[in-house]
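Undergrad: Just dropping this structure here.
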Amino acid sequence: MLYSVLPIMRYPTIRQLQYFTALAEHVHFGRAAEASFVSQSAFSTAIADLEATLETQLVDRTNKQVTITATGQDVATQARLVIRDLEALIETAGQRREPLTGDLRLGIIPTIAPFLLPTLMPKLRKSFPELRLYLVEDQTDRIHQRMLAGELDLLLLALPYELRSTTTLSLFEDRFRLAASTNSKRVDPKNYRFNRLDADSVLLLEDGHCLRDHALLACKIRNTQKVSRFAANSLLTLVEMVDADLGITFLPEMAIGSALLQNTRVKTYAIDDKSHRTIGLAWRKGSARSDEFHALGDFICANR
């Protein structure tokens with residue numbers, strides 16, 4: 001009987017793939033090594049070993065610059081998929097463990113984090129002491145991309161928002177309130193009508209913040225001439241401009257009573273009940289932790 005002997009193939013290690021995806025993201029050996037919590041020499045060795053294993057050049061290191069080759073770009077894309085599949089395998093194997101235990105990497109947007117987390121986190125730690133929660137705060141597009149790349153497990157964000165390859169769970173409504181400086185000359189809060197506002201009266205966050213889009217939609221801001229050409233990069237800056245009566249804005253209800261408005265002359269006023277955004281969770285379609293995420297959603301609704 002004849003037997004054929006298949007050649008033994010060398011495969012990249014998961015660590016090498018993780019390092020290379022970090023390099024593709026940062027395009028800098030030092031920063032990628034730091035993000036990977038490893039020395040630069042060990043990081044560089046791992047990338048060189050990966051190139052040797054794949055028998056191809058992934059990185060062009062000429063002129064002290066790092067350029068990912070065309071092949072390297074394709075490898076980085078495939079590496080992210082491999083890492084995601086391995087994480088799905090681990091999730092599947094861990095389905096029988098107690099819910100809300102172990103590591104959970106949560107992405108959260110900056111117009112939710114400072115208002116919800118101070119109340120939620122102590123209760124979460126008390127109820128689920130075995131849960132190790134890693135928080136990443138950033139804009140919706142960025143945390144969504146990181147989730148699809150396997151870097152995050154779950155997102156806490158504001159809806160509606162177009163999210164591909166994602167399952168969403170609506171939790172609760174967060175109403176908008178009119179915010180203006182005390183004795184503002186810009187608006188009469190008790191007789192507020194949007195069409196009575198002067199041009200450039202409405203201050204909003206800059207493009208890229210979903211709160212801007214939600215405010216425009218929920219508060220029926222159709223006349224862009226009412227919106228100031230000056231936009232803020234953070235809620236803190238936005239409130240400072242309103243405090244100086246440079247304009248009015250619309251703040252989410254969850255911000256009321258927070259440190260954001262302390263030591264300011266900014267007051268908020270109720271407007272149309274239909275003016276709201278929806279707070280929800282989002283995760284990759286097909287995640288084995290779907291039941292666990294639903295349980296966390298129930299907890300957030302009960303303890304916010």
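Undergrad: Please determine, by comparing only the residues of the range 141-167 that are part of a strand (DSSP E or B) and β-branched (Val, Ile, Thr), which one is nearest to residue 278 (Cα to Cα).
TA: Taking the candidates together, the pick is 167.
Undergrad: If you don't mind, another one. Being surrounded by fewer than 15 Cβ atoms within 10 Å (Cβ to Cβ), within 16 Å of residue 14 (Cβ to Cβ) and of a type outside the set (A, V, I, L, M) is the filter here; which residues of the range 28-44 pass it?
TA: 37
Undergrad: Another question, if that's okay. Counting just the residues of the range 172-193 that are of a type in the set (Phe, Trp, Tyr) and outside any loop (DSSP other than H, G, I, E, B), which one comes out surrounded by the fewest Cβ atoms within 10 Å (Cβ to Cβ)? Full working, then the answer.
TA: Initially, the range 172-193 is screened for residues of a type in the set (Phe, Trp, Tyr), giving 172, 176, 192.
Retained after the next criterion (residues that are outside any loop (DSSP other than H, G, I, E, B)): 172, 176.
On the way: 172: 13, 176: 24.
Going through the qualifying residues, I end up with 172.
Undergrad: Collect the residues in the range 269-304 that are within 22 Å of residue 227 (Cα to Cα), touching a helix residue (DSSP H, G or I) at 6+ places or on another chain (Cβ under 8 Å) and at pLDDT below 90, keeping them in residue-number order. Full working, then the answer.
TA: Initially, the range 269-304 is screened for residues within 22 Å of residue 227 (Cα to Cα), giving 269-277.
The next check asks that each one be touching a helix residue (DSSP H, G or I) at 6+ places or on another chain (Cβ under 8 Å); those that pass are 269, 274-277.
Once the filter is applied, which keeps residues that are within 22 Å of residue 227 (Cα to Cα), touching a helix residue (DSSP H, G or I) at 6+ places or on another chain (Cβ under 8 Å) and at pLDDT below 90, the range 269-304 yields 269, 274, 275, 276.
Undergrad: Only residues that are within 16 Å of residue 30 (Cα to Cα), part of a loop (DSSP other than H, G, I, E, B) and of a type in the set (S, T, N, Q): list them for the range 43-91, please.
TA: The answer is 65, and nothing else.
Undergrad: Among the residues of the range 152-205, write down those that are out of contact with any Cys (no Cβ under 8 Å at 6 or more places or on another chain) and among the small types (Gly, Ala, Ser).
TA: From the range 152-205, those out of contact with any Cys (no Cβ under 8 Å at 6 or more places or on another chain) are 152-156, 159-160, 162-170, 173-175, 177-193, 195-205; that's our starting set.
Of everything in the range 152-205, those that are out of contact with any Cys (no Cβ under 8 Å at 6 or more places or on another chain) and among the small types (Gly, Ala, Ser) turn out to be 165, 170, 179, 180, 181, 184, 199, 201.
Undergrad: Let me ask something additional. Pick from the range 62-97 the residues that are at pLDDT below 85 and either touching a Phe, Trp or Tyr at 6+ places or on another chain (Cβ under 7 Å) or among the hydroxyl-bearing types (Ser, Thr, Tyr) (or both): which of them is surrounded by the fewest Cβ atoms within 10 Å (Cβ to Cβ)?
TA: Residue satisfying both the conditions and the ranking: 62.
The values are calculated or read from the model by the stated rules, or taken from the named source; none is laboratory data. None of these values were measured; they are calculated from a predicted model. Quick reminder, even Gly has a Cβ in these numbers, built from the backbone with ideal geometry, and neighbours come from all protein chains shown.
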